[in-house]
Amino acid sequence: MWQFNRTYFLLTVLLFATEVCIALFVHDNFVRPYLGDVLVVILIYCFVKSFLKVAVTKACIGVLLFAFGVEIMQYFLIVEKLNLQDNRLARTVIGTSFAWEDILAYIAGIVIVIVSEKFFSKKQTLQ
């Protein structure tokens, strides 16, 4: 089950750097709130696949459930309940407000993962 996958790890690093840049430098009404949420589930998926040999479907379901869980915690104001409202890192990583649009962005990110995995797995079998 444990396995290091260099390709997924490099994608994780690239996506993480992208997310950090978005968090630090992008202050708009589309990229940061929506594209960032699409990318974060792809980032988590790549991180999981960097270290675990797990089926695409299981990894996607796990990542999506995790993302939904974080969003539900936002609904219940977990940052405030943990007394972390003054911690900028906690507010950025966990988030502070529930939004249905975020749920849709997570689903879009997982759809991108599934389509990408199908495309690249077919491409590998053709070679």
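The values are calculated or read from the model by the stated rules, or taken from the named source; none is laboratory data. Fair warning: this is a prediction, and the values are worked out from it, not measured in the lab. Note: ideal-geometry Cβ built from the backbone for every residue, glycine included; neighbour counts use all protein chains shown.
Brief remarks on what is shown
- Among the residues making up segment 19-32, those that are in contact with a Lys or Arg (Cβ under 8 Å, 6 or more places away or on another chain) and either assigned to a loop (DSSP other than H, G, I, E, B) or touching a residue at least 24 places away in the same chain (Cβ under 8 Å) (or both) are ALA23, VAL26.
- Among the residues making up segment 71-127, those that are at positive phi and either surrounded by fewer than 15 Cβ atoms within 10 Å (Cβ to Cβ) or aromatic (Phe, Trp, Tyr) (or both) are LEU77, ASN83.
- Close Cβ contacts (under 8 Å, 6 or more residues apart or on different chains) running from residues in segment 85-108 that are more than 23 Å from GLY62 (Cβ to Cβ) to residues that are of a type in the set (S, T, N, Q) and surrounded by 15 or more Cβ atoms within 10 Å (Cβ to Cβ) comprise THR96/GLN74; SER97/GLN74.
- Going through (1) surrounded by 11 or more Cβ atoms within 10 Å (Cβ to Cβ); (2) within 21 Å of ALA59 (Cα to Cα); (3) of a type outside the set (Ser, Thr, Tyr) one by one, VAL20 falls short only on (2).
- Single match in VAL56, VAL38 (criterion: surrounded by 15 or more Cβ atoms within 10 Å (Cβ to Cβ), in contact (Cβ under 8 Å) with a residue 60 or more places away in the chain, more than 12 Å from the chain's Cα centre (by Cα) and within 30 Å of SER121 (Cβ to Cβ)): VAL56
- Condition check for THR96: at pLDDT below 95 and touching a helix residue (DSSP H, G or I) at 6+ places or on another chain (Cβ under 7 Å): yes
- Test: residue in segment 11-21 that is out of contact with any Leu (no Cβ under 8 Å at 6 or more places or on another chain) and among the hydroxyl-bearing types (Ser, Thr, Tyr): no
- Residue check, ILE61 at pLDDT 90 or above and of a type in the set (A, V, I, L, M): yes
- Filter pass, ILE44 being of a type in the set (Val, Ile, Thr), modelled with pLDDT under 95 and within 30 Å of MET1 (Cα to Cα): no
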